[in-house]
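The values are calculated or read from the model by the stated rules, or taken from the named source; none is laboratory data. What you see is a predicted model; the values in this text were computed from it and never measured. Just the protein is used for accessible areas: all its heavy atoms, side chains included, with ligands, DNA and RNA removed. Shrake-Rupley method; radii C 1.70, N 1.55, O 1.52, S 1.80 Å.
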Amino acid sequence: MRGDQKWPPAEVKKAMQENEEQIRSRNETKNRPLKIHKDYSNFFAQHSLRDTYPGYKAPPGTQFFEINYQR
């Protein structure tokens, strides 16, 4: 006999098939709530920052520096 015809043993093969059927039936019966896509554009419009708001402020002492080369 070919190896794939005698391995896995019949009882193991049957247990594997039952396990696969249980997994398949569990996946089919899952009732997940639908994902609700929310629109936050109204919220962001109400809480928007002014146009002149600085998005990034450089730390003090990093804007101006002098290069002192001594030769």
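Note that the chain presents 115 Å² accessible area per residue, ligands and nucleic acids not counted, probe 1.4 Å.
Compared with the dominant Cα axis of the chain, that is its longest principal axis, helix 10-28 is turned about 40°. Taking every lysine pair in the chain that is 8 or more places apart or spans two chains, those with Cα atoms closer than 28 Å amount to 4. The apolar share of the surface of the chain, taken as the fraction of accessible area on carbon and sulfur atoms (1.4 Å probe, ligands and nucleic acids excluded), comes to 53 percent.
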